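Enquirer: I have a structure I would like to understand better, so I am pasting it below and will then ask my questions one at a time.
The values are calculated or read from the model by the stated rules, or taken from the named source; none is laboratory data. For clarity, every value in this text was computed on a predicted model and none was experimentally measured. Cβ sites come from the backbone with ideal geometry, for glycine too, and all protein chains shown count toward neighbours. Protein only, heavy atoms only, side chains kept; ligands, DNA and RNA dropped before computing areas. Shrake-Rupley method; radii C 1.70, N 1.55, O 1.52, S 1.80 Å.
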Amino acid sequence: MLACRLTLGEEGFRAWGWRIPFLPSALLVVFSINLRLKLSESPVFEQMRQAGKVSRAPVPESFGTRQGFGYALYALFGATAGLGCVWYTGQFYALYFLQSVLKVDFLTANVCVAIALAIGTPLVVVSGALSDGIGRRPLIVTGLLLAAALYIHIYMGVASATAAHNYVAVTALFLAQLVLVVLVYGPNAAFLVELFPARLRYTSLSLPYPIGIGILGGFVPLISLSLVSYTGNRQHLPRPDLSHRDRTSKNAVTSWIGQTRPKSTS
């Protein structure tokens, strides 16, 4: 999108060039469908299916019992909701804050975020590998608590650095946000998989994940912008992230004190 906008110019991009980025995305859809069709069940699940131990009523077992429903709530408020808040604030709101609140030009804002993403994204693998050694929860809780404590200061720093035209500092601050995202995101998939027994895993995650990421996390930008408009505070970190800080703190506590995962994988 950035390349198209720079190549075609503002008028050309608005008139017809905005359609071009959708063409590569169509190829990605085809690739993802092809990849999904080639995926096979995990060895553990395949063994269970051959042995006839697959759940006959996964929905009642997942959400109709006190233990199953408790694990679903633990996954929602201990993992996915916090991930959604950190993810949307660190990636999507960051660019909007630069362009729409601080009025940084399109090219500069996108280059700052793109450099931070290029450096920070590979760290997801490092975070996941690190969690294999020290555990999932310590990294997730650390990321959530640091996000709750530092987001206000990071965005105030971004505002100050932008006013001084110090875009190296702006990029570094966005990279710091991505480190927080990485700490929470890297171990999250393994944490969720290990939380539920194999015969209920897919069903048990069918609600906590989309609700935590899509709804609770997805509403972070909307809440943020609404409170910016309400308070008129457009020069520093918007007030919504006070509620975001409260939410990530609660998610961290929930993740830390939640029940231990089931010992059985069946």
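Enquirer: Could you list, in sequence order, all residues of the range 102-117 that are open to solvent by 50 Å² or more (accessible area, probe 1.4 Å), farther than 17 Å from residue 88 by Cα and in a helix (DSSP H, G or I)?
Expert: Hits for the range 102-117 are 107, 111, 115.
Enquirer: Under 20 Å from the mean Cα position of the chain (by Cα) and at pLDDT 75 or above - does that describe any residue in the range 227-249?
Expert: no
Enquirer: Just to be sure, is residue 220 modelled with pLDDT under 85 and open to solvent by less than 30 Å² (accessible area, probe 1.4 Å)?
Expert: Criteria met by residue 220.
Enquirer: Go through the range 49-60 and report how many residues are open to solvent by less than 70 Å² (accessible area, probe 1.4 Å) and closer than 24 Å to residue 208 by Cα.
Expert: Looking only at the range 49-60, we keep the residues that are open to solvent by less than 70 Å² (accessible area, probe 1.4 Å), and these are 51-52, 54-55, 57-58.
Remaining after also requiring closer than 24 Å to residue 208 by Cα: 54-55, 57-58.
Qualifying residue count for the region: 4.
Enquirer: Then there is this: If you go through the range 15-28, how many residues are in a helix (DSSP H, G or I) and under 16 Å from residue 110 (Cβ atoms)?
Expert: Going residue by residue through the range 15-28, those that are in a helix (DSSP H, G or I) are 15, 17-19, 22-28.
Subset that is under 16 Å from residue 110 (Cβ atoms): 17-18.
Counting residues in the range 15-28 that are in a helix (DSSP H, G or I) and under 16 Å from residue 110 (Cβ atoms) gives 2.
Enquirer: Follow-up question, since we're still on this one. If you check 67, 99, 47, which single one turns out to be closer than 22 Å to residue 175 by Cβ and in a helix (DSSP H, G or I)? Before the answer, list the steps.
Expert: Details: 67 fails: closer than 22 Å to residue 175 by Cβ; 47 fails: closer than 22 Å to residue 175 by Cβ.
So the residue among 67, 99, 47 that is closer than 22 Å to residue 175 by Cβ and in a helix (DSSP H, G or I) is 99.
Enquirer: I'd like to check something: does the range 29-40 contain any residue that is surrounded by 14 or more Cβ atoms within 10 Å (Cβ to Cβ) and in a helix (DSSP H, G or I)?
Expert: No, the range 29-40 has no match at all.
Enquirer: Would you pick out the residues in the range 192-206 that are part of a helix (DSSP H, G or I) and open to solvent by 20 Å² or more (accessible area, probe 1.4 Å)?
Expert: From the range 192-206, those part of a helix (DSSP H, G or I) are 192-195, 201-204; that's our starting set.
Once the filter is applied, which keeps residues that are part of a helix (DSSP H, G or I) and open to solvent by 20 Å² or more (accessible area, probe 1.4 Å), the range 192-206 yields 193, 194, 201, 202, 203.
Enquirer: What are the residues in the range 131-190 that are under 17 Å from the mean Cα position of the chain (by Cα), open to solvent by less than 20 Å² (accessible area, probe 1.4 Å) and hydrophobic (A, V, I, L, M, F, W, C), if any?
Expert: 139, 140, 141, 144, 147, 148, 174, 178, 180, 181, 182, 184
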